[in-house]
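The values are calculated or read from the model by the stated rules, or taken from the named source; none is laboratory data. Computed from a predicted model, the values in this text were never measured in an experiment. Please note: Cβ atoms are built from the backbone with ideal geometry, for glycine as well, and neighbour counts cover all protein chains shown.
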Amino acid sequence: MAIQASDIDTIGVIGAGQMGNGIAHVAAFAGYQVVLNDISDAALQRAKATVEKNLSRQLKKGRITADQASATLDRLTLSVDQAPLKDAQLLIEAATENVELKYRIFEGLCKAASPDALLASNTSSISITAIAAHTDRPERTMGMHFMNPVPVMKLVELIRGMATTDETYAVVKAVSEKMGKTTVEGRDMPGFIVNRVLMPYINEAVQALYEGIGSVEDIDVAMKLGTNVPMGPLTLADFIGLDTCLAIMEVLHDGFSDSKYRPSPLLRKYVEAGWLGRKTGRGFYDYSSK
């Protein structure tokens, strides 16, 4: 019997990084029991601290109550062992944007998860059809791409693989909406909707910097004030992570074989230097003193 949206009371989140802790936060806040799984206990503890900090910020701003914050944390379970994932009816992978890593994770989840459980990937660009082919349930596998930071951003991109059923899509859409998200459906093409448009924009800003068209600050100010966006493209790249930007550009370039998606040489150099943005203390801006 196929799982219905009303059957889902426990969600497994695999990967306790920037996206994983945010997904765990909104799922637990929405009333789901959440098992946050990672191979690193230190990563899990950092994730819990981040959830606590974000809940505290929401509480101080009057957006949630103390009871809601406490209940959210009570619904969150941390685990380095995948055994508790057996209780989840929906598992959401939120690991690094690496194709081979995601394939290995989904192959492992098929052994750890309940036979009836639905599988979803938070990938921002990788083929859902290819990921689903590494599972024993491609019809119950799909993309569920949250935006960063998850507790703040309202969008979830829903992506069907070639085999994804309407029933699976309907359940994941309902779960997304219970988490307070607005959903859009994108085709299973490299980058889907958001990154198909966003990453070439960021990449072109990096290329403009590379060609000396403007300084980092001038490019960001020009785009903020010229297009009325909240932050410039280079600030946004630092926020996302330059390694992630490069990985998505490479997926686009490989997927379409079109030179317009060629990653800027400067973007590649920053990644080679380990200047990945806010998370490493340096990207296009220096965050070491902040």
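In the set ILE11, ILE39, which member is outside any helix (DSSP H, G or I), farther than 23 Å from THR168 by Cα and under 20 Å from the mean Cα position of the chain (by Cα)?
Within the list ILE11, ILE39, the selection yields ILE39.
Restricting to segment 184-203, count the residues that are surrounded by 18 or more Cβ atoms within 10 Å (Cβ to Cβ) and of a type in the set (Val, Ile, Thr).
Here the count works out to 1.
Filter segment 71-124 down to the residues that are of a type in the set (Val, Ile, Thr) and either in a helix (DSSP H, G or I) or closer than 29 Å to CYS245 by Cβ (or both) and list them by number. Steps first, please.
Within segment 71-124, the subset of a type in the set (Val, Ile, Thr) is 72, 77, 80, 92, 96, 99, 105, 123.
Correct list: THR72, ILE92, THR96, VAL99, ILE105, THR123.
Quick grid of which residues meet (1) in contact with a helix residue (DSSP H, G or I) (Cβ under 6 Å, 6 or more places away or on another chain); (2) modelled with pLDDT under 95; (3) of a type in the set (A, V, I, L, M):
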site: ASP188; (1), (2), (3): yes, no, no
site: MET199; (1), (2), (3): yes, no, yes
site: ILE219; (1), (2), (3): yes, no, yes
site: ALA222; (1), (2), (3): no, no, yes
site: THR244; (1), (2), (3): no, yes, no
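Given the conditions (1) surrounded by fewer than 21 Cβ atoms within 10 Å (Cβ to Cβ); (2) at pLDDT 95 or above; (3) small (Gly, Ala, Ser); (4) out of contact with any Phe, Trp or Tyr (no Cβ under 8 Å at 6 or more places or on another chain), report the number of the one that SER289 does not fulfil.
(2)
How many of the residues making up segment 243-290 are touching a residue at least 60 places away in the same chain (Cβ under 8 Å), among the acidic types (Asp, Glu) and assigned to a loop (DSSP other than H, G, I, E, B)?
The total comes to 0.
Just need a number here: residues in segment 200-216 that are under 15 Å from TYR270 (Cβ atoms), of a type outside the set (Val, Ile, Thr) and either touching a Cys at 6+ places or on another chain (Cβ under 9 Å) or touching a residue at least 24 places away in the same chain (Cβ under 8 Å) (or both).
Within segment 200-216, residues that are under 15 Å from TYR270 (Cβ atoms), of a type outside the set (Val, Ile, Thr) and either touching a Cys at 6+ places or on another chain (Cβ under 9 Å) or touching a residue at least 24 places away in the same chain (Cβ under 8 Å) (or both) number 5.
From THR72, THR77, grab the single residue that is touching a Pro at 6+ places or on another chain (Cβ under 9 Å) and at pLDDT 95 or above. Can you show your working first?
Numbers: THR72 fails: touching a Pro at 6+ places or on another chain (Cβ under 9 Å).
Selected residue: THR77, the only one of THR72, THR77 that is touching a Pro at 6+ places or on another chain (Cβ under 9 Å) and at pLDDT 95 or above.
Could you grab the pairs with beta carbons closer than 9 Å, sequence gap of 6+ or different chains, first residue in segment 217-242 and surrounded by fewer than 14 Cβ atoms within 10 Å (Cβ to Cβ), second one among the acidic types (Asp, Glu)?
Hits for this filter: MET231/ASP220.
Only residues in segment 179-192 that are within 24 Å of ASP9 (Cα to Cα) and in contact (Cβ under 8 Å) with a residue 40 or more places away in the chain count as the first member; pair them with residues that are surrounded by fewer than 19 Cβ atoms within 10 Å (Cβ to Cβ) and of a type in the set (A, V, I, L, M, F, W, C), Cβ under 8 angstrom, at least 6 apart or cross-chain, and list the lot.
Between residues of segment 179-192 that are within 24 Å of ASP9 (Cα to Cα) and in contact (Cβ under 8 Å) with a residue 40 or more places away in the chain and residues that are surrounded by fewer than 19 Cβ atoms within 10 Å (Cβ to Cβ) and of a type in the set (A, V, I, L, M, F, W, C), the close pairs are MET179/ALA30; GLY180/ALA30; LYS181/LEU155.
For a quick check of your reading: which helices (runs of 4 or more DSSP H) sit entirely within segment 156-235 and have at least 3 residues that are under 19 Å from THR141 (Cβ atoms) and of a type in the set (Val, Ile, Thr)?
In segment 156-235, 166-178 are the helices (runs of 4 or more DSSP H) which contain 3 or more residues that are under 19 Å from THR141 (Cβ atoms) and of a type in the set (Val, Ile, Thr).
Need the failing condition index for ILE3 against (1) closer than 18 Å to ASN122 by Cβ; (2) modelled with pLDDT under 95; (3) of a type in the set (Val, Ile, Thr), just the number.
(1)
Which residues, taken from segment 249-286, are at positive phi and buried (at least 18 other Cβ atoms within 10 Å of the Cβ)?
The answer is GLY277, and nothing else.
Can you find a residue in segment 133-143 that is in a helix (DSSP H, G or I), in contact with a Gly (Cβ under 9 Å, 6 or more places away or on another chain) and either surrounded by fewer than 21 Cβ atoms within 10 Å (Cβ to Cβ) or modelled with pLDDT of 95 or more (or both)?
At the first step, the residues of segment 133-143 found to be in a helix (DSSP H, G or I) are 138-140.
From the residues that got through so far, the ones that are in contact with a Gly (Cβ under 9 Å, 6 or more places away or on another chain) too are 138-139.
Among the residues that remain, those that are also either surrounded by fewer than 21 Cβ atoms within 10 Å (Cβ to Cβ) or modelled with pLDDT of 95 or more (or both) are: 138-139.
Looking through segment 133-143, at least one residue is in a helix (DSSP H, G or I), in contact with a Gly (Cβ under 9 Å, 6 or more places away or on another chain) and either surrounded by fewer than 21 Cβ atoms within 10 Å (Cβ to Cβ) or modelled with pLDDT of 95 or more (or both).
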